[in-house]
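Notes to accompany the following structure.
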Amino acid sequence: MAYAEALVACLATGGTPPPPAEGVLDSPGVWLGAAIEALLLALDGQDAGGPFDRAAELDEVSTAQFLCLALAVSGHSERVHASWLGTAFGDLTTEQPVTAGQRALWTAAARGAYGPAGKIFVLRRLDAAAVTSATEPERWLNALIPGEPVIEPSPALTALPQLADLPDIARPVQAADRLSRLLARCTEITAPPDTPSPEGPDAESLAALRSLTGAQEPAPPHPLTDHLLDDLREGADPRLAAIAFHVAAPVVRSAAEELAEETRLAPPDELTVPINGHPILLRPEGPDGTSLVDAEAAITADGEARMSGRWLAYGPAFLPIVALILAFTVSELFAVASLVLGGVAGFILWRRSQREQAEARRVHREITELRMVADTAVWALHDYAREALQRADTATADLATLTRLLRRGPAIADPRP
């Protein structure tokens with residue numbers, strides 16, 4: 001209907017709707033004509049009950065959505081009947097997708113188009129959808145605090161950074177970081193908006209009105225949970241985020257409690273740590289003696305393997321003796337060869353001795369370093385245990401603060417300009 005499109009465009013710009021030509025609204029069997037008649041009466045401050053009832057007999061939901069959205073776009077949302085809003089919004093469940101009209105009403109109410117009562121109405125309808133605490137908490141956490149945490153190394157583990165990569169050590173630290181980020185994001189969401197709601201109609205309301213009048217195709221419906229997750233992401237409208245946060249309070253509280261529990265995990269009594277490529281069992285009283293002995297034996301065996309092939313050094317030592325025997329039995333020239341071969345064999349044995357001494361020093365150095373690093377790791381774990389107590393206390397305080405934010409709920413009224 002051309003008049004309906006012109007009417008929506010006029011309302012969007014704040015103009016006065018032009019009167020319809022005679023017979024334009026007479027469309028038997030079509031709800032839109034009677035709905036427009038009801039809208040014009042409501043804009044004029046008159047009773048729109050009669051035309052509304054006629055349109056509602058044909059399509060009650062579309063009629064109610066058209067009137068509620070059109071009156072909000074025109075700035076006369078105070079003329080919306082409570083029953084119209086209830087009919088237009090309908091019921092929400094996590095099993096059924098949210099239509100474009102429902103989402104437009106939801107958005108308009110969140111931004112204050114229907115006043116505090118409209119926000120309360122939307123909150124109650126969303127609460128009735130019952131988002132439980134078992135509804136994929138990881139999806140909600142990823143929406144609130146996306147991305148992998150960038151965790152600063154624990155001061156206790158700076159001397160041995162490889163400890164920070166062990167799951168038993170990293171898990172509580174990561175949980176504490178995520179809980180701290182979650183509290184910061186929730187504090188941001190629940191803070192009152194800095195500015196009042198923007199003037200003028202929102203895009204969702206205009207798009208829904210145009211789809212109701214047939215000017216454009218309606219937007220495809222989306223699951224309720226997807227809308228809530230989008231509203232919680234950083235950069236979303238703070239008014240929509242506040243309502244979504246209130247609806248998601250059970251799952252956010254459950255996720256925060258799980259993070260707090262992970263943060264409180266006590267350091268393990270025993271921990272096997274790879275030190276210089278050797279697994280060493282660490283206990284509070286010190287490195288395990290058996291694992292140290294095994295590691296030292298492996299270091300020694302590696303050193304002996306590197307010095308294998310002694311016959312290559314000692315074999316040439318027999319050549320001067322053979323040459324000397326030949327000097328007495330065959331020719332005196334072999335005496336000269338015996339001297340030369342003796343010098344060569346002596347040099348080879350000297351080089352072999354130097355290598356063996358260097359390898360022995362290397363093995364001793366590796367064993368000494370192994371013991372020193374193992375002792376350092378034990379002290380680092382003691383310091384980490386003290387940090388864990390402080391981290392658990394901080395997590396308890398963060399959880400308490402977050403719980404208070406969840407109980408407070410969203411602000412209903414916009415700040416005064």
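Here are the numbers:
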| read-out | value |
| --- | --- |
| Odd one out for R253 among (1) closer than 21 Å to D127 by Cβ; (2) surrounded by 20 or more Cβ atoms within 10 Å (Cβ to Cβ) | (2) |
| Qualifying positions in the range 358-393 - more than 18 Å from A298 (Cα to Cα) and surrounded by 15 or more Cβ atoms within 10 Å (Cβ to Cβ) | A377, V378, A380, L381, D383, Y384, E387, A388, R391, A392 |
| In the range 57-116, the residues that are acidic (D, E) and under 19 Å from A34 (Cβ atoms) | E57, D59, E60 |
| Whichever residue in the range 216-238 is among the aliphatic types (A, V, I, L, M) and surrounded by fewer than 17 Cβ atoms within 10 Å (Cβ to Cβ) and, among such residues, is farthest from C68 (Cα to Cα) | A236 |
| Test for R178: is it modelled with pLDDT of 90 or more, of a type in the set (K, R) and touching a strand residue (DSSP E or B) at 6+ places or on another chain (Cβ under 8 Å) | no |
| Some residue of the range 26-34 being in contact with a Lys or Arg (Cβ under 9 Å, 6 or more places away or on another chain), on the phi > 0 side of the Ramachandran plot and modelled with pLDDT under 90 | no |
| Selected residue [buried (at least 24 other Cβ atoms within 10 Å of the Cβ) and either among the small types (G, A, S) or out of contact with any Pro (no Cβ under 9 Å at 6 or more places or on another chain) (or both)] from A82, A104 | A104 |
| Residues located in the range 276-289, provided they are within 23 Å of R365 (Cβ to Cβ), touching a residue at least 60 places away in the same chain (Cβ under 8 Å), part of a strand (DSSP E or B) and not β-branched (V, I, T) | H278, L282, G286, P287 |
| Matching option when the condition is without any contact (Cβ under 8 Å) to a residue 24 or more places away in the chain and of a type in the set (G, A, S), among G86, G90, G50, G33 | G50 |
| First in the range 236-263 and closer than 17 Å to A184 by Cα and without any contact (Cβ under 8 Å) to a residue 60 or more places away in the chain, second anywhere and surrounded by fewer than 20 Cβ atoms within 10 Å (Cβ to Cβ) and among the charged types (D, E, K, R), Cβ under 7 Å, 6 or more apart | A236/D230 |
| Out of A176, A208, sole residue that is buried (at least 21 other Cβ atoms within 10 Å of the Cβ), within 21 Å of the chain's Cα centre (by Cα) and assigned to a helix (DSSP H, G or I) | A176 |
| Selected residue [modelled with pLDDT under 80 and farther than 30 Å from L292 by Cα] from V336, V363 | V336 |
| Selection within the range 139-167 - within 20 Å of H278 (Cβ to Cβ), surrounded by fewer than 12 Cβ atoms within 10 Å (Cβ to Cβ) and at pLDDT 70 or above | D165, P167 |
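Yes/no matrix, rows are residues, columns are (1) part of a helix (DSSP H, G or I); (2) among the aliphatic types (A, V, I, L, M); (3) at pLDDT below 80; (4) within 30 Å of A395 (Cβ to Cβ):
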| position | (1), (2), (3), (4) |
| --- | --- |
| D231 | yes, no, no, yes |
| G235 | no, no, no, yes |
| A242 | yes, yes, no, yes |
| F245 | yes, no, no, yes |
| P250 | yes, no, no, yes |
| E257 | yes, no, no, yes |
| D269 | no, no, yes, yes |
| P274 | no, no, yes, yes |
| S291 | yes, no, no, no |
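Residue-wise test of (1) charged (D, E, K, R); (2) at pLDDT 90 or above; (3) in a loop (DSSP other than H, G, I, E, B).
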site: L11; (1), (2), (3): no, no, no
site: P17; (1), (2), (3): no, no, yes
site: P51; (1), (2), (3): no, no, no
site: A56; (1), (2), (3): no, yes, no
site: E60; (1), (2), (3): yes, yes, no
site: G75; (1), (2), (3): no, no, yes
site: W84; (1), (2), (3): no, yes, no
site: L92; (1), (2), (3): no, no, yes
site: E95; (1), (2), (3): yes, no, yes
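The values are calculated or read from the model by the stated rules, or taken from the named source; none is laboratory data. Just so we're clear, the structure is a prediction, and the values are computed from it rather than from any experiment. Virtual Cβ from ideal backbone geometry, glycine too; neighbours counted across all protein chains shown.
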